[in-house]
Every structure is written in C-alpha cells, then in structure tokens.
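Each remark here refers to the structure printed beneath this line.
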Amino acid sequence: MMSTYLTELGLVCALGSGQQAVAAGLLAGDTSGMQAQGGWVSGRDLTVGAVTGELPPMPAGLQAAQSRNNQLLLAAALQIEPQIRAVIARYGAGRIGVVLGTSTSGIHEAALSIAEQQRTGQLPADYRYSQQELVAPAAFLSQWLQLSGPSYVISTACTSSARALLSAQRLLRLGVCDAVLCGGVDSLCGLTLNGFAALEAVADARCNPFSANRNGINIGEGAALFLMTKELGAGESASIMLLGGGASSDAYHISAPEPQGLGAQAAMRKALANAGVAAETIDYLNLHGTATRHNDAMESLAVQAVFPAGVPCSSSKPLTGHCLGAAGALEAAFCWLTLSRHNPHRLLPPQVWDGVPDPELPALDLVQLGQQFGPAGTRRLMSNSFAFGGNNISLLFAQEQEKEPVPAFGERP
C-alpha cells in the first residue's frame, strides 16, 4: 500500500507556538500554559489551555474571514508557508487538498455579535454568518492560498481532526490529490465551556487523567496543520509516516462512552490491522485521557485488552487542555514531534498527574518524566481520539531510524 508522509508541521497551543517550543514543553511535562480564567462560566474560574500572545491578522482582502479560529489556523500555516508554496508550485493549485477538523469554527464571534444585538437591537456591522459555518477554516485556507483542490471540514466532535488525517490519506491513495493540508483547529468559546459545565464534566483545577481523584476535563484551544504527501520530503523529520488508522462507532450513548471500551478496542485493533503491525511493536500510546470518570475507565479497559503486555502511554490533556475538534491533530502532532529531530534524547511524553491510581481500573504503564524509547529501529506510535456518539479513531505513526546508540537523558546527542 502506498506510503503517506507527514512532511511538514505548523502548530500552536497552550504549550507554545512552533515545533521547537511545543516539543520542549511536551517532553518536559510543562503545565504552565494551563491557567485559571474567569468570565467563561458564570461564578466559576476554570483552568483552560489558552493560546497567549498576539495572533496574526487576516491577510489583505480576507477580513471577511476574521475569527480567532481562523487566526489560530493562520498562525500554524505561516510556520510552514514556504514549504506549502513550494508544493503548490510543483503540483498545481488543483492538486492540493485541504481537509480540516473543527467543532467551534467562529462560534465565539457569533456569540459576541448576538450579545451585542441583545443589548442594542442590531448586529455589529462586521458580523457575517459565514464566520461560524463549520467549513470556514478550510474555505479560508483555500482562499488565502488560492487552492482549487478538494476543500472541506469534518466535524465529529473530539475525533474531527483525527478523521481529517485519515480523509487526507484517502485523497492521496485515490489519486485525487498529490498533497493535502490536513489537521484541525478549535478556539475557546463560551458555548463549549458552558455546555461541558452543564454536563458536570469540567474541572476547576488542572485535570488529573487516570487518577482516583480525577473529576473532569479542562478545555483548550489550538491548531495543528500537516502537509501530507505521497513522497518523502527533504527535511530531517520528513520520513514520518501516517502508517495506518482505524475508526469505529459504537453508538452507545450521545455523550457517554461504552463502559467496557468496545468501540475504542475496535478502533485500535483496526489501526493495527490497517498498518499490518502487532500490538507488541507499538512504542508509545497517546491516550485520549480526558480525566472524566467514564472516559478514563473505559480507555483503561480498552488498552488492557489490546495491549495485554502493556504499552508506555500518557495523556497530554494536562498540558494543553482538551482541544476538542483540534485534539486529534494536535496529539498526532505530539507523536510527530516525539519522532522528530526536536527529540534528540528519544524521550517519551510524560504523564502529569497526582500519582494516585484508581484501584478499580487496570494499571497502565504511564510514562515517567525522562523515560526513553527502547533500542533504535522502527518506531511506532499510536494516538487515540474518542468522541460523543461513540465515535472512535486510532492513528498509527512511524519513522525508520538508523541503528544507533540512544544517548542517556542529560547527555549530548
């Protein structure tokens, strides 16, 4: 089967902006980006994973696409713009696709506009309904880059951008595109935070995945944008592949996961079968790990079933918050960074929690700070994304490594 390569990556989240900053924070277990904020939910200060600093303005002539969501996407895209332009020049605008995942789009701006209408009786002059349409991020990116290939958004809640990567791979394998810009973006908004608060699923303090003391999620925002191609790129990290993926839908409940993790198991097993590899060959698993009672319970059971011998794993949600429609792509990006030149010591992303396991759940092999990959060779990483409605995705990534000694933590590579 044709290989598909993730040759470039731009990203921004609570860990920072750009590959180097995010990789450093990820591998150090840096939670400094998780800060308490008021104003989202009445009477509560919630810990959120907000992107700080100034975001880029909309390009000339595209002010109609103004939204924080699109600005986050643009911030990620600008990091790899030269490589994107080079691919467009090589293949042509009609051979480049755009497939993104989101759940909020421009809902934040829409809510502000409606609030103004309630106060004044009129919508603001710059309000445009198109800001909040789900397709807005892909439409903006295609318009900015003047692309004419397939361009669409997938919105399946917390699996949205993981599905976007699988869809991008399909476009390449079908010969519809020669390259695809794929990933996801989501921004903080009151609608989302109040919705999860109404479900009693949001923690005030930093989330605590897989702990006996876990009591809910933190919400975050961010963007991750990959350039996926059929050919190896020229950079040092360009041999990172989307090795395979698996999807399932257990349709158990509109918001609660199937208690035994049957749908999650199916997604992981399908990903392994799709890639043609055994569970024993997976070096690391990025857990969905939302820190809710039900999700962590079912994921623990599912991981034990698929990996009975254990697998090093961790949840990155305490570092970024749950970025909803962007979560799948961001956590794919964390796998990409773990395989990249930004990780010379071959570190694994650590689990940040209080260290109090839930005695009612199977024990997981949670990664300790400073823990490394095993011997050099083919490295395979898996990432899980699970969503409302029993919607499940598992992705597998790999990179061929030369046989070389692994430097000890603290030594120069």
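Every read-out reported here was derived from the displayed coordinates using simple, explicitly stated rules and does not represent laboratory data. It should be emphasised that the depicted structure is a prediction, and the values quoted were computed from it without experimental measurement. Cβ: placed from backbone, ideal geometry, glycine included. Neighbour counts: every protein chain shown.
List of remarks:
- Sequence-distant residues sharing a close amide H with G49 (under 5 Å, placed H): I219, G220, E221
- The helix-only estimate of mean residue ellipticity at 222 nm for the chain, built from DSSP H runs of length n ≥ 4 each weighted as -39500 (n - 2.57), is -9500 deg cm²/dmol after division by the residue total.
- Only one residue of A327, I107, L172 has its Cα farthest out toward the positive end of the dipole of the chain, where Lys and Arg carry +1 and Asp and Glu -1 on Cβ, and that residue is L172.
- Amide proton proximity set for I282, modelled H, under 5 Å, gap of 5+: none
- Assigned charges on the beta-carbon of Lys, Arg, Asp, Glu; the chain dipole about Cα centre (debye): 740
- In order along region 285-298, phi translates into HN-Hα couplings of 10, 7, 6, 5, x, 7, 6, 8, 4, 6, 5, 5, 5, 5 Hz, rounded to whole numbers, per the Karplus curve 6.51 cos²θ - 1.76 cosθ + 1.60 with θ = phi - 60° and x for Gly and Pro.
- Of all beta bridges that DSSP places with both ends in the chain, some 65 percent have antiparallel geometry.
- With the convex hull constructed from alpha-carbon coordinates only, the chain shows a mean projected area of 19.4 nm² over all directions.
- Annotation: amide H-H contacts under 5 Å for D358 (H modelled 1.01 Å from N, sequence separation of 5 or more, or interchain): A212.
- Computed from backbone phi, the HN-Hα couplings of region 258-274 come to 4, x, 8, x, 5, x, 5, 4, 4, 5, 5, 5, 5, 4, 4, 5, 4 Hz, rounded to whole numbers (Karplus: 6.51 cos²θ - 1.76 cosθ + 1.60, θ = phi - 60°; Gly and Pro given as x).
- J(HN,Hα) series, region 105-110, from Karplus relation 6.51 cos²θ - 1.76 cosθ + 1.60, nearest Hz, glycine and proline x: 6, x, 4, 4, 5, 4
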